[in-house]
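Take a look at the structure set out below.
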Amino acid sequence: MKISKIATADPASRLDNNAKLINEKGLLWRLTDRASETRGKMFIYSSALLMIVAVIAITLFLMIQGLRAFVVDHLNFWTFITGTQWYPDRTVNPSYGAFPFIFGSMAVTFLAALIATPIAIGTAIFMAELAKKWGTKVMQPVIEILVGIPSVVYGLIGLSIIVPFMRQHFGGSGFNLLAGAIVVGIMILPTVASIAADSIRAVPDSLRQASYAIGATKWQTIWRVVIPAAGSSLVTAIVLGMSRAFGEALAVQMVIGNVTKLPGSIFDPSATLTTIITLSMGHSTMGSVLNDALWSLGFLLLLISYVFIVIIRFLSRRRNA
Amino acid sequence: MKKKNLLAIGLAFVLSLTLILSGCGNGNGSAGSSSSKSDSSSSEALSGKITIGGSTALQPLAAQAAKEFMEKNPNVQIEVQGGGSGTGLSEAQAGNFDIGMSDVFAESKTNIDAKALKDYQVAVVGMTAAVNPKAGVKNLSKKDLQAVFTGKVKNWKEVGGKNQKITLVNRPDGSGTRATFDQFALDNKTPAEGITQDSTNTVKKIIAETPGAVGYMALSYFTANDKSVVKLSLDGVEATEKTVATGEFPVWAYEHMYTKSKPSKLVKAFIDFMMSDAVQGKDVPAQGYLSVKDMKVQRDATGKQTDK
């Protein structure tokens, strides 16, 4: 109020006052100045650092916890990953053989990729080659919605539709490896499809035009030119989908049956690394052998996901070369 | 525009960081407040915060009791979490939970120093096998039940039922329900592999829908009008609250609340409320448990049963 009174009285003193205000604002201004060079730099550098620290910390933590089973509890690493008997709460001679879970995780992942790949690549070709306008306007949002559905919903659908279907047509309880693979396959489908569509769009138009120029049909162009050209990016899309399938716990747990025995066929119930961790973790006490063994399974999961990342890096390097 | 975005991202980053930090600090925070409340409890009105966590079987009863306790003592805040019996015991020992809920005796878990914890048996839960109606059995001898669960018998007709394949539904390793069933129904025999599910509702759904399926669950999940699963009798003894109370039906367990050996006044007040008639007479039976006061037999940590 005071300032405005002075301002109306004397224009010169108003200017002076304004300058003073800016000066007074100094500290606040420096904190909120969007153009401040050091502030931006600090923010970006610290987020990058935080990211790296997080990755290293998680790896180290999992490693320390995961190695406890072998160092503190003296489980044999080899029998741990190859043993097929998982009886942690047996009073005499408990045994920790994680091979059924490793096998289960692998089987679910590869079966899911087998189910998802043809449909996903087909969808991607449709979106990127055949119906470009419709593909980007209608299909892309539809696929994004599918990506956004939480995995528990996929699990619920699997539990109330796929499991009863399996029970009626293949006998048994209906909980089996195939049910898990179907649920996860549907789950990773949109991820694979959208990345595959991007890589097909990235194929230069000159290749297509050259193909048409020598008299190739649309199908020949897609099959012989576009897909080979997009090749390794398509594989990257599949591997990314597989790594998501590998880490999925909730949806799989609801339909796979969680039996700790090696399955004899895809119609037998099974278990994966993730499902056994989520099922047993809360019941085990910190530092018990079962708890340590579960951490080891978690560490194993991390190692295998690193393998997936290495594969993806390797493929993308080959593409760039 | 870009700078605006950067600012927005920065703000979001800071916000998420604060959330993470406050989330991390939660466990310590509750421990801190539990120590501070012992000072304030010298006055009549109780105030402070209690963190309870562990067994999901006991969680609904604890939550109900906590709600009533907070209505009586508006300055008290009680947080009831799940997490499983193992988590309950570990965190009670570490001091992150003021009260750890467990379906099993602390003595039965390795790495838990049972002497450092104080055991309050707040309820008794009876459980029995649940069978799909198509199996055609209502009663089994203990020997036959063990043959079914250890996988020696593969078809219900071998134990007097219909010609129907047996499908086992188990609980995860370390689960309190599994431990109790293994100990008192199977006499510590290791069950064969079967479908494993954690939640009792899922187990019930699977048993109801799968011909020939058999599993086990707490008595409260069998209701009088519900014909979807058959409540199995053992050696001709029907599993009811009465037969559990007299000790005729062997498959039952205590629901425990564990505190540090010297609980704070506030925690003690809540435990006292838990054992009072207000909870034991009303909430305990309403939630399908038996009151410890009604039990005519008692058990120690090794499972030895004696008359009261």
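The values are calculated or read from the model by the stated rules, or taken from the named source; none is laboratory data. The shown structure was predicted, so the numbers you read here are calculated from the model rather than taken from an experiment. Here the Cβ positions follow ideal geometry from the backbone for every residue, glycine too, while neighbour counts run over all protein chains shown. To get the accessible areas, we keep the full protein, side chains included, count just its heavy atoms, and leave off ligands, DNA and RNA. Shrake-Rupley method; radii C 1.70, N 1.55, O 1.52, S 1.80 Å.
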Of the conditions (1) more than 10 Å from every other protein chain (Cβ to nearest Cβ); (2) part of a strand (DSSP E or B); (3) without any contact (Cβ under 8 Å) to a residue 60 or more places away in the chain, B:Asp144 clears all except one; give me its number. (2)
Six or more apart or on different chains, Cβ under 6 Å: which pairs go from a residue in the range B:265-284 that's closer than 18 Å to B:Thr51 by Cα to one that's part of a helix (DSSP H, G or I)? Could you list them? B:Lys265/B:Ser38; B:Leu266/B:Lys37; B:Phe270/B:Phe69; B:Phe273/B:Phe69; B:Met274/B:Ala65
B:Ala213 versus (1) of a type in the set (Gly, Ala, Ser); (2) away from every other protein chain (no Cβ under 14 Å); (3) in contact with a helix residue (DSSP H, G or I) (Cβ under 8 Å, 6 or more places away or on another chain): which is the lone unmet condition? (2)
Among residues of the range B:191-201 being more than 8 Å from chain A (Cβ to nearest Cβ) and hydroxyl-bearing (Ser, Thr, Tyr), the residue surrounded by the fewest Cβ atoms within 10 Å (Cβ to Cβ) is B:Ser199
Among B:Ala114, B:Ala129, which is the only one that is within 29 Å of B:Leu290 (Cβ to Cβ) and open to solvent by less than 20 Å² (accessible area, probe 1.4 Å)? B:Ala129
When (1) modelled with pLDDT of 90 or more; (2) within 14 Å of chain B (Cβ to nearest Cβ) are applied to A:Val226, the one that fails is (2)
Reported set for the range B:162-201 where residues are among the acidic types (Asp, Glu) and under 14 Å from the mean Cα position of the chain (by Cα) is B:Asp198
Could you check the range B:254-292 and list, in sequence order, the residues that are among the basic types (Lys, Arg) and outside any helix (DSSP H, G or I)? B:Lys260, B:Lys262
A:Ser265 vs. criteria among the polar types (S, T, N, Q), more than 23 Å from A:Leu156 (Cβ to Cβ) and surrounded by fewer than 18 Cβ atoms within 10 Å (Cβ to Cβ): yes
Which numbered condition B:Glu107 fails, given (1) closer than 21 Å to A:Gly287 by Cα; (2) away from every other protein chain (no Cβ under 14 Å); (3) not polar (S, T, N, Q): (2)
Members of the range A:268-281 found to be in a helix (DSSP H, G or I) and open to solvent by less than 20 Å² (accessible area, probe 1.4 Å), listed by number: A:Leu273, A:Thr274, A:Thr275, A:Ile276, A:Leu279, A:Ser280
Of the candidates A:Gly215, A:Gly264, the one satisfying the condition of being over 30 Å from B:Pro211 (Cα atoms), out of contact with any helix residue (DSSP H, G or I) (no Cβ under 9 Å at 6 or more places or on another chain) and not in a helix (DSSP H, G or I) is A:Gly215
Output for the range B:75-108, where each listed residue is within 14 Å of B:Ala269 (Cβ to Cβ) and open to solvent by 10 Å² or more (accessible area, probe 1.4 Å): B:Asn75, B:Gln77, B:Ile78, B:Asp98
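Residue-by-condition table, conditions (1) surrounded by 15 or more Cβ atoms within 10 Å (Cβ to Cβ); (2) among the aromatic types (Phe, Trp, Tyr); (3) away from chain B (no Cβ under 11 Å):
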site	(1), (2), (3)
A:Asp73	yes, no, no
A:Gly83	yes, no, yes
A:Ala98	yes, no, yes
A:Phe101	yes, yes, yes
A:Leu114	no, no, yes
Filter result for A:Val259 (at negative phi and facing chain B (nearest Cβ under 10 Å)): yes
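State whether one or more residues within the range A:245-252 are part of a helix (DSSP H, G or I), in the same structural domain as A:Ala113 (by TED's automatic domain parsing) and over 24 Å from A:Ile121 (Cα atoms).
yes
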Let me confirm something: among B:Val122, B:Val169, which residue is within 14 Å of chain A (Cβ to nearest Cβ), under 27 Å from B:Phe222 (Cβ atoms), in a strand (DSSP E or B) and open to solvent by less than 50 Å² (accessible area, probe 1.4 Å)? B:Val169
Residue satisfying condition, being under 21 Å from B:Ser55 (Cβ atoms) and in contact (Cβ under 8 Å) with a residue 60 or more places away in the chain, within set B:Val214, B:Val229, B:Val203: B:Val203
